[in-house]
Structures are given as structure tokens and as C-alpha cells.
Amino acid sequence: MITLKAIDRPIIISGPCSAETEEQVMETARQLKATGKVHMLRAGIWKPRTRPNAFEGIGEIGLKWLMNASVETGLPCMTEVANAHHVELALKAGFKKLWIGARTTVNPFTVQEIADSLKGIDDLEILVKNPVNPDLNLWIGAIERFKQIGINEVHAIHRGFSSFKTQRYRNEPMWEIPLALKSEFPTIKLICDPSHICGRRNLLPEIAQKAIDLIYDGLMIETHIDPSVALSDAQQQITPKELDELLSALVIRSEYSDNETFTKNLEALRCEINSIDSELQNLLMKRMNIVKQIGKYKKENKITILQPQRWEEIKSLYHQFAKESGYSKIFVEKYLEAIHLESIRQQTKVMNEE
Ligand code: PEP
Ligand code: MN
């Protein structure tokens, strides 16, 4: 059975959000196979819906449909399991690849229950979606629970994080979290799920491209033969043909290049960056020394560390800088805030010195 590790980047997993009918699963699989670009099939059988009365999945019968589509196309298939009973039925139907949904990853009891029910089963591949909340440790913990029971092939799917206010994306990508996960587990395959991040099909290409540029190992994208009548996630599904177009338009950049001139130029530019960074560090130290001098002066004159008027003045200088440079206001504010917090810490130290 082919594993994620055996596939060259980018690994492409696709299929409907939900298995709905035997014919829909089979036809989607056939069309996906025909693209020649898809490595594995996916479909949800039991659907964790946020609100009741939505389509909650076709249930056990769908396992057979997916398996038949897998046998006919030769594409390995996977589905989501959310408790030990799902695991029992999926294993009975012959599934060796399972994913853990975002609403399951949040619950260590359920993750442990699923892991325990998989003990001793050979050739398994488990993909753990990020928890709905931006908690890196919860994601790491879920992965560890599967590794601990002896499953070697445990990988991760990044599907974004819920937020109270809906912004551009259905689920905020917060790229720093999956990237931190990858540094924790460098050999893990990191798959991006643009469908659940975007929530709208027109945004899929930009997120898919970004994931590729951040050296993700693959993509999981939802496809349906007729997205307009899909029983779940209709807005974000695309047809297999649209997937083919999306994948053809992706620019696959690699981490390294054999081109010597490129490598030399890159090295030269990086040297420049390093020397600018070192200048910035020197300047920062100079700035902190003045901050400390001011601290001493404030102490002698019994003046508070924080003076709101001065703080407002500096902030407006930085806002001006954001405008002039075109850098985002949030970036410039965060940068100033980091410096300010450290300045307060340094001045507090001075105040407390004997
Ligand atoms: C899914 O992949 O269909 C799904 C339900 O995803 P998530 O767990 O990311 O919401
Ligand atoms: Mn879905």
C-alpha cells in the first residue's frame, strides 16, 4: 500500500467533503484519477457539523462506496474517524488510512480512545488535523498519542483555526503554528487543506500556492462532481476538472537550486542581510543604553516609568513610518510594542537596583 512518504511533493489528496451517493463517490474518483495528478482519495462518512440538522454523513454504507472507488481507480482512500466505533467499522471495511478531524483533535480523551482502538494494527497511516483552536501543544499531543501506540506513519493536516469574527478566510491560517509543528516533527508530512481554510472556492489558488511556497508536502482539496448540489461545504468544493486547472497553475518551487549563479547571488544577498541584522542589533543596544540612562534619571527624580503622553508621541511617529514605508500598521505596532516592553523591563530593573 502506497504511503505519503513514498510520494514526491506535492502529495495531492482529493475527493468530496462527504460521500453522498455511490455514483457521486465513484464518478468523482474516476474524474480525479483521469487528471493523473491525484494520489489519494478522501471522503467524509461521519460529518462533524457545527450546528444540528445539517447533513451528518451517510454513515457506514459510504465506507463500501469509497473502498470500491479505491479498488477501481487504484487510488488509496481515507476517511475521518471521530470515535472508537468509527475506527472499528472503518478497519472492518479495510481502511488503512484515517484522518482525525479538527473537532476531535481538541479532545485528548477522544484522541486517546481512537489511538487505543488502533493498537496492534499494521500498515496504518494517520493524519491529524489541527485543533479548531490555535493550540500548538494540543496538536503535538494528539500526534504523540498515535506515535506512542506504535504507529510510525503519523502526519499532519493544516485546516486553519476558528475565530469569533469571520475574516477573509473561513478559518484563519495562522501559518506560524503549522510551521512550528514542522520544526517539532521535521520528518512529518505537512499537508495543507485550503478548502477548509478558505471556505470559498475562489480563494483556493492563493492558499494552495502559499502552502507550496512554504514547502508544505502536499494539499488536501475537496472536490465534487457538482458542487452546487453538495450536501456539505458546497461553497468551497470544486469539480475534478477545476482541481486539475488549479494544480496545473501552481508554481512548484523547490527549496534548493542547482544553478550556481543563483546560489552565489543568494548567498551574497544573505550576507548583506546578516550584516544589516548585526547593525540593527548594535542600534538596538545603543537605544537600550539610552533607555537605561533615562531610567536612572527617572529614578533620581522620582518619575514614573510610563508616561502616556510620550508613549502616544512615539506611537504616532511609528504610524507615520508605517504610512511612508507601506508596511502594515499591525507589523509596525507589534515591532514597537516589543521594543517598548523590553524598555520597560530594563527601566524596572534600573529602578529596583540598590
Ligand atoms: C473535513 O475534512 O471534511 C472536515 C470535517 O474537516 P475539519 O475537521 O477540518 O473541519
Ligand atoms: Mn468539508
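Rg and Dmax of the stretch 267-354, both derived from C-alpha coordinates alone, stand at 15.7, 51 Å. When the chain is treated as a GNM with alpha-carbon contacts under 10 Å, the residue of SER232, SER70, SER248 showing the greatest mean-square fluctuation is SER248.
Applying a DSSP loop filter and a limit of 11 other Cβ atoms within 10 Å to the trypsin sites (Lys or Arg not before Pro) in the stretch 207-281 leaves ARG253. Under a 5 Å amide H to amide H cut-off, with H placed in plane at 1.01 Å, what residues pair with GLU20 once short-range neighbours are removed? Result for GLU20 returns VAL25. Across all C-alpha atoms in the stretch 89-210, the radius of gyration and Dmax reach 14.7, 43 Å.
For the stretch 73-135, the normalised intensity computed at q = 0.12, 0.25 Å⁻¹ comes to -0.28, -1.08 (log10 of I(q)/I(0), Debye sum over alpha carbons, equal scatterers, no solvent).
Starting from the Cα gyration tensor of the stretch 207-306, take the square roots of the eigenvalues, sort them a ≥ b ≥ c, and report rounded, prolate or oblate (rounded when a/c is under 1.5, otherwise prolate if a/b is larger than b/c, else oblate).
Details: a/c = 7.70, a/b = 1.89, b/c = 4.07.
Cα axes put the stretch 207-306 in the oblate bin.
When the chain is treated as a GNM with alpha-carbon contacts under 10 Å, the residue of GLU60, GLU313, GLU267 showing the greatest mean-square fluctuation is GLU313. Can you tell me the orientation of helix 22-35 relative to the chain, as the angle in degrees between its alpha-carbon axis and the longest Cα principal axis, to the nearest 10? It works out to around 60 degrees.
Between the stretch 211-238 and the stretch 324-354, how many Å separate their Cα centres? Distance between centres, Cα-based: 42 Å.
Placing a pseudo-label 7 Å from each Cα along the Cα-to-Cβ vector at GLN112 and THR348 gives an inter-label distance of 3.7 nm. Plainly put, the chain has a radius of gyration that is 1.09 times its Kirkwood radius, both from alpha-carbon atoms, as the Rg/Rh ratio. Here the average projected area of the convex hull drawn through the C-alpha atoms of the stretch 38-154 stands at 7.5 nm².
Coordinate-derived values only; no laboratory data. Please read these numbers as outputs of a predicted model, since none were measured by experiment. Every residue, glycine as well, gets a Cβ built from its backbone with ideal geometry; the counts of neighbours run over all protein chains shown.
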